[in-house]
Amino acid sequence: MPDQEKYNAADPLAEAGTEELEMPSAVENRTFDLGTMEAQSLIKPERLQDHPEAPAADERVEARSLWQDAWRDLRRNPIFIISGLLIVFLIVMAVWPGLFASTDPLKCDLSKSQQGVSSGHPFGYDNQGCDVYARTVYGARASITVGVCATAGAALVGTVMGGLAGFFGGWFDSVVSRIADIFFGIPILLGGLVFLSVVPSQSIWIVVAFIVVLGWPQIARISRGSVITVKQQDYVTAAEALGAGSSRLMVRHILPNAVAPIIVVATIALGTYIALEATLSFLGVGLKPPTVSWGIDISSASDSFRNAPHMLLYPAGALSITVLAFIMLGDAVRDALDPKLR
Amino acid sequence: MTHSGAGADGADTNGAGVPEEAAFAQEVPRGEPILEVRQLVKYFPLTRGILFKKQVGAVKAVDGVSFDLRQGETLGIVGESGCGKSTLAKVLMNLEAPTSGSVKYKGEEISRLSGAALKAVRRNIQMVFQDPYTSLNPRMTVGDIIGEPFEIHPEVAPKGDRRKAVQDLLDVVGLNPEYINRYPHQFSGGQRQRIGIARGLALKPEIIICDEPVSALDVSVQAQVINLLEQLQGEFDLSYMFIAHDLSIVRHISDRVGVMYLGKMVEIGSDAEIYEHATHPYTQALLSAVPVPDPTGREGRERIVLSGDVPSPANPPSGCRFRTRCWKAQEKCARETPALTVREWLEGAAAHDSACHFAAEREIGQSAAERESGQGATERESGKQEKQQ
């Protein structure tokens, strides 16, 4: 019993519960039936279970939102920290490659073609006798720009188009879905050969735009399906019944619940897009040689992999680490946005 | 009261179907109708074809339902799965547009409102959902869920007071106010339903439509939630429309009960009239299926077992919807749709609205209901004698 009192002192509601339990005695009220009595007696144990533990000290602070909670969670997640540091490192490398490599990636010496490691050139030389280390460092810019921008563009266009199609349905859905189907039907390499060969400019942004145009339908389909599933949930109906408008429904209720599969697909697509840039470059319609990119290096090294594996391994390794970092980041963000996994 | 300048033309706009907010502020005396539903119809079209949709039929989910919800009362709506109970709730909540018919709240037609006028009505009619596991957004904290009504209707609580208002609501429904930063999955089913009730109460509505609020809960937790709803009704002067398929719970909480079958209201009356003096065969069959907690009584009673399935609401039977499964059915039942009225040959408690051409009390439903309510056999005897006279 002293325990019980201590508990009550800690918890004001426990007392509120017992007050409610005051029942008229059977003598005073003969008509009251057993069923109600049983139901009443059941309230007590559950009432006590209501407060299995006192809220931790940090739960007493200001009200928080999902995003604040997610950020708090992410900061403690080692996977997020590792992938975040890797991505920051890659971005710094892409912006200021000179910090990491003093050699010019375009200063090549054919006499050193395919040579191995030597002093000052830790990764050896490629076919043209260029320094592989410098090329790997300088190649980050093109590859990461294409990967990140194309993914961001495709994810944005795809989420917005697919989301709106799923939310509004009807003719708008039909139109968007059919347009997406048309883009889906274009084989990506054939499309690339046709589209990129007629565009005179070989700027990196043309390649990004091409990948966005052909990549958004995949994300649009995922987000449309996801939005349709979430839209049917009772909590969306409940918000509607409260008088919430379309924008509130979409931003507060549907988007946070529909975003998880989009993040997964987008992070995987990021690696695919970097590889797609490499393929297009290999076919001669993507980035053109004075531009340095991992894709160009991987495709030119693939022929002589047996003679000089270092030419392939270093740019391919850099590509793999980049893709892995973004997938890990996407995973961590997705988990942080799901309160059930905390 | 931004409309005060336009008060003169207020009457005109009312006529055009845009009710002034002031119209909702007036008090309805206790026992007077606050919500009047007349000939409400909701058909869901069945279409064929992808590009060029052609209507090939309609699911008649709600087909001409009329009733009043009175201020301060609890109206129970019972019926089996698929009889249109939940569709009725959705139409009343303006979540679905009715095919025809009218819903009047305090004398104002509300079923075809939109925009600001609809938002004003929503403040006064709220809903508690069936499944506490899907009716709370898993990615919002409890504070955000209960606080959302205040964000949508900022006039109800000023910004600075919202946190306090949310905590007060948690307290009202018997949850610890310090739980505002928790997520729904950290609560049990009963606690989640309390959160749903708190959200429904936030705007201080006058009507709460409870769509099977306890059918997803354990029996012990059901009792708590029902008691909470009853306590809140007294505290906030609420009118409930309580949809359920558990007859015992409906009897416990309701002042009046309506029975639905295949989109139609077949019988409506006070709980004693329905449970002890049911005159519609369907109600009698439903009541005879109520489990009896007394083994000796269980053996003695006779159950009405209906044959066949509920007909498809896309193609309901002509005349009386229940005739295909009714033991009283005659040719007249196929020809004429029975009106929901008081039959002149019925007397006393049996004289309440019933949609049956051959409405009559039946011993069986009566006795089962009496046993269930725990009333003595003496009253039953006297009932019999009355009948013989």
Whichever residue in region B:230-258 is more than 14 Å from chain A (Cβ to nearest Cβ) and among the small types (G, A, S) and, among such residues, is nearest to B:E32 (Cα to Cα): B:S239
Per the filter on region B:203-229, residues within 11 Å of chain A (Cβ to nearest Cβ), of a type in the set (D, E) and over 19 Å from B:F187 (Cα atoms) are B:D211
Return the pair list, or none, for Cβ contacts closer than 6 Å from residues in region B:205-226 that are farther than 18 Å from A:Y235 by Cα to residues that are modelled with pLDDT under 85, at least 6 apart or on different chains. B:S220/A:L42; B:A223/A:A39; B:Q224/A:I43
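With respect to B:V103, is the statement that it is away from chain A (no Cβ under 13 Å), of a type in the set (V, I, T) and closer than 26 Å to B:L229 by Cβ true?
Yes: the conditions hold for B:V103.
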Of the residues that sit in region A:250-283 and are within 14 Å of another protein chain (Cβ to nearest Cβ) and in contact (Cβ under 8 Å) with a residue 40 or more places away in the chain, which one is nearest to the chain's Cα centre (by Cα)? A:I263
Just to be sure, is A:P217 away from chain B (no Cβ under 14 Å) and touching a Ser or Thr at 6+ places or on another chain (Cβ under 8 Å)? no
Any residue in region A:123-134 that is more than 16 Å from A:G295 (Cβ to Cβ) sitting within a Cβ distance under 7 Å of a residue that is assigned to a loop (DSSP other than H, G, I, E, B) and of a type in the set (F, W, Y)? List the pairs, counting only those 6 or more apart or interchain. A:Y133/A:F123
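Do you know which residues across region B:325-347 are of a type outside the set (A, V, I, L, M, F, W, C) and within 26 Å of the chain's Cα centre (by Cα)? Reasoning before the result, please.
Going through region B:325-347, the residues of a type outside the set (A, V, I, L, M, F, W, C) turn out to be B:325, B:328, B:330-332, B:335-338, B:341, B:343-344, B:347.
B:R325, B:T337, B:P338, B:T341, B:R343, listed by residue number.
Among the residues in region B:182-196, are any of a type in the set (A, V, I, L, M) and more than 8 Å from chain A (Cβ to nearest Cβ)? It would help to see each step written out before you state the result.
Here is the first cut: in region B:182-196, the ones of a type in the set (A, V, I, L, M) are B:195.
Now narrow it down to the ones that are more than 8 Å from chain A (Cβ to nearest Cβ): B:195.
Yes: one or more hits.
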Criterion violated by A:S201 - all others in (1) out of contact with any helix residue (DSSP H, G or I) (no Cβ under 6 Å at 6 or more places or on another chain); (2) assigned to a helix (DSSP H, G or I) satisfied: (2)
What are the pairs with Cβ atoms under 7 angstrom where one residue, in region A:193-221, is farther than 15 Å from A:A278 by Cα and the other, located anywhere, is among the small types (G, A, S) and surrounded by fewer than 16 Cβ atoms within 10 Å (Cβ to Cβ)? Sequence gap at least six, or different chains. A:L214/A:G191
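Is it the case that B:L306 is at pLDDT 85 or above and surrounded by 13 or more Cβ atoms within 10 Å (Cβ to Cβ)?
On the way: at pLDDT 85 or above: no; surrounded by 13 or more Cβ atoms within 10 Å (Cβ to Cβ): yes.
No.
The rows are residues; the columns are (1) closer than 18 Å to A:R252 by Cα; (2) among the basic types (K, R); (3) under 28 Å from the mean Cα position of the chain (by Cα).
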site: B:I125; (1), (2), (3): no, no, yes
site: B:D131; (1), (2), (3): no, no, yes
site: B:G147; (1), (2), (3): yes, no, yes
site: B:E151; (1), (2), (3): yes, no, yes
site: B:V166; (1), (2), (3): no, no, yes
site: B:L170; (1), (2), (3): no, no, yes
site: B:I180; (1), (2), (3): yes, no, no
site: B:G189; (1), (2), (3): no, no, yes
site: B:A198; (1), (2), (3): no, no, yes
Restricting to region B:162-180, count the residues that are surrounded by 19 or more Cβ atoms within 10 Å (Cβ to Cβ), facing chain A (nearest Cβ under 8 Å) and under 16 Å from B:L232 (Cβ atoms). 2
Please go through (1) under 21 Å from B:L247 (Cβ atoms); (2) buried (at least 23 other Cβ atoms within 10 Å of the Cβ); (3) within 14 Å of another protein chain (Cβ to nearest Cβ) for B:I77 and return the number of the only condition it doesn't satisfy. (3)
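In this structure, is A:V213 in a helix (DSSP H, G or I) and loosely packed, with under 14 Cβ neighbours inside 10 Å? Before the answer, list the steps.
Details: in a helix (DSSP H, G or I): yes; loosely packed, with under 14 Cβ neighbours inside 10 Å: no.
Spelling it out, it is not the case that A:V213 is in a helix (DSSP H, G or I) and loosely packed, with under 14 Cβ neighbours inside 10 Å.
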Residues in region B:104-116: is at least one of a type in the set (A, V, I, L, M) and in a helix (DSSP H, G or I)? yes
Find the helices (runs of 4 or more DSSP H) located wholly in region A:245-342 whose residues include 2 or more that are surrounded by fewer than 22 Cβ atoms within 10 Å (Cβ to Cβ) and at pLDDT 85 or above, and list them. A:255-282, A:310-336
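So, in region B:152-161, how many residues would count as being in a helix (DSSP H, G or I) and either more than 8 Å from every other protein chain (Cβ to nearest Cβ) or more than 25 Å from B:R192 (Cβ to Cβ) (or both)?
Of all residues in region B:152-161, those in a helix (DSSP H, G or I) come to B:152, B:159-161.
Retained after the next criterion (residues that are either more than 8 Å from every other protein chain (Cβ to nearest Cβ) or more than 25 Å from B:R192 (Cβ to Cβ) (or both)): B:159-161.
Selection size over region B:152-161: 3.
For (1) small (G, A, S); (2) crowded, with 22+ Cβ neighbours inside 10 Å; (3) closer than 18 Å to A:L283 by Cβ, each residue gets a yes or a no:
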| residue | (1), (2), (3) |
| --- | --- |
| A:A154 | yes, yes, no |
| A:G169 | yes, no, no |
| A:V175 | no, no, no |
| A:F183 | no, no, no |
| A:I186 | no, no, yes |
| A:S197 | yes, no, yes |
| A:V207 | no, yes, yes |
Among helices (runs of 4 or more DSSP H) lying entirely in region B:1-92, which contain 1 or more residues that are closer than 27 Å to B:V128 by Cα and modelled with pLDDT of 90 or more? B:85-92
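Checking the structure you have, find out if any residue of region B:244-251 is more than 30 Å from B:V41 (Cβ to Cβ) and not in a helix (DSSP H, G or I).
Start the filter on region B:244-251 by keeping residues that are more than 30 Å from B:V41 (Cβ to Cβ), which leaves B:248.
Restricting the remaining residues to those that are not in a helix (DSSP H, G or I) gives none.
Within region B:244-251 (the criterion being more than 30 Å from B:V41 (Cβ to Cβ) and not in a helix (DSSP H, G or I)), the answer is no, since none of the residues qualifies.
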Counting only residues that are in contact with a helix residue (DSSP H, G or I) (Cβ under 9 Å, 6 or more places away or on another chain) and over 22 Å from B:H277 (Cβ atoms), how many does region B:327-346 have? 2
Would you be able to say whether some residue in region B:141-150 is crowded, with 18+ Cβ neighbours inside 10 Å and within 28 Å of B:F67 (Cα to Cα)? no
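Can you spot a residue in region A:315-335 that is of a type in the set (G, A, S), within 14 Å of chain B (Cβ to nearest Cβ), in contact with a Leu (Cβ under 9 Å, 6 or more places away or on another chain) and in contact (Cβ under 8 Å) with a residue 24 or more places away in the chain?
Taking region A:315-335 and keeping what is of a type in the set (G, A, S), we get A:316-318, A:320, A:325, A:330, A:332.
Those still in the list that are within 14 Å of chain B (Cβ to nearest Cβ) too: none.
Looking for residues that are of a type in the set (G, A, S), within 14 Å of chain B (Cβ to nearest Cβ), in contact with a Leu (Cβ under 9 Å, 6 or more places away or on another chain) and in contact (Cβ under 8 Å) with a residue 24 or more places away in the chain, one finds none in region A:315-335, hence no.
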Can you find even one residue in region B:127-141 that is closer than 18 Å to B:L203 by Cβ, in a strand (DSSP E or B), within 11 Å of chain A (Cβ to nearest Cβ) and in contact (Cβ under 8 Å) with a residue 40 or more places away in the chain? yes
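Do we find a residue being at pLDDT below 80 and either in a helix (DSSP H, G or I) or under 21 Å from A:S143 (Cα atoms) (or both) anywhere in region A:115-123? Before the answer, list the steps.
Filtering region A:115-123 down to residues at pLDDT below 80 leaves A:115-123.
Imposing the further condition that a residue be either in a helix (DSSP H, G or I) or under 21 Å from A:S143 (Cα atoms) (or both) reduces the set to A:123.
Checked region A:115-123: at least one residue is at pLDDT below 80 and either in a helix (DSSP H, G or I) or under 21 Å from A:S143 (Cα atoms) (or both).
The values are calculated or read from the model by the stated rules, or taken from the named source; none is laboratory data. Being a predicted model, the structure only gives us computed values, none of them experimental. Note that we place each Cβ from the backbone using ideal geometry, even for glycine, and neighbour counts take in every protein chain shown.
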